[in-house]
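Note sheet for the following structure.
The values are calculated or read from the model by the stated rules, or taken from the named source; none is laboratory data. Since the model is a prediction, treat every value here as computed from it, not as a measurement. Because the Cβ atoms are built from the backbone with ideal geometry, glycine has one as well, and the counts that use them run over all protein chains shown.
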Amino acid sequence: MEYPVCVLAVPRAVRLVATARLRDPVLAALVPAPLLDDLAEIEGATSARQRRQRFSAGAYPSGRPHAAFVNAAFAYFRPREMNRFNGPDRGAWYAAFEVDTAIAEVSHHIRRELERVGEYQAVVDYAEMWASFAGDYVDLRGVEPAPRCLHPDPAIGYPAGNALAAEAMAVGVNGVVFPSVRNSGGTCLVALWPHAVQSVAQGGVWRVVWDGEPEPSVREVPSIAELQGSNAN
């Protein structure tokens, strides 16, 4: 590896997931978990998307808390675009050591889409998904000069990041820990394998609002259960 690899032990890092994605699958209440795994394998045999991906549909066992969300992070990805450390053929689990860093990262991507349509109007509720991580990670913290994969321009940073991720996966490294590109002083982590995401638990909810300006306002909102209850009334 060109960059150092550290043995990482992170008890809590947060990923923000749009609350619209937190609804359980319709079949979850109708069939037992083992049968859900069988159905996932059947889907994998007939789904072009899953045939392209590098991980099986049940790579993260369904019996673990929030397994569906972990599997979704690796099973669903942009079919025509790269992210910093994954491309159009596989997903990854991105997280941050700090909530404000996670908010800055997700806000950047929504802001970029709003810029494309030329209108900064949107409201997105994000739920915290906390997880723990341990094992070997490429460590880009303190690397000088800054690696090319951390360049803020996606056209420069993303191809380099995908090349680094492919190299890391080839030798069995769990992921990459790196300085946040969107929040100075923050730290991010990407897990490249489903099994690297452990002890997942849901936390608070944040509302990010664009009301005509590129910079959004952010505030904490009631829990998912409270939001669902208010929507039902």
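Values as computed for the structure displayed
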{"read-out": "The stretch 160-175, residues that are closer than 11 Å to residue 137 by Cα and touching a Phe, Trp or Tyr at 6+ places or on another chain (Cβ under 7 Å)", "value": "165, 173, 174, 175"}
{"read-out": "Of all residues in the stretch 105-129 being among the aliphatic types (A, V, I, L, M) and crowded, with 19+ Cβ neighbours inside 10 Å, the one that is farthest from residue 177 (Cα to Cα)", "value": "127"}
{"read-out": "Strands (runs of 3 or more DSSP E) lying entirely in the stretch 179-223 (those with 3 or more residues that are surrounded by fewer than 18 Cβ atoms within 10 Å (Cβ to Cβ), among the small types (Gly, Ala, Ser) and out of contact with any Lys or Arg (no Cβ under 8 Å at 6 or more places or on another chain))", "value": "198-211"}
{"read-out": "Enumeration of residues in the stretch 83-124 that are of a type in the set (A, V, I, L, M, F, W, C), out of contact with any Lys or Arg (no Cβ under 7 Å at 6 or more places or on another chain) and over 25 Å from residue 200 (Cβ atoms)", "value": "114, 117, 122"}
{"read-out": "Which listed residue, of 223, 180, is of a type outside the set (Phe, Trp, Tyr) and at pLDDT below 95", "value": "223"}
{"read-out": "Per-region count, the stretch 161-170, residues more than 19 Å from the chain's Cα centre (by Cα) and surrounded by 14 or more Cβ atoms within 10 Å (Cβ to Cβ)", "value": "1"}
{"read-out": "Qualifying positions in the stretch 118-153 - among the acidic types (Asp, Glu), in a strand (DSSP E or B) and farther than 24 Å from residue 171 by Cβ", "value": "125, 128"}
{"read-out": "Odd one out for residue 131, checked against (1) over 18 Å from the mean Cα position of the chain (by Cα); (2) small (Gly, Ala, Ser); (3) farther than 18 Å from residue 90 by Cβ", "value": "(1)"}
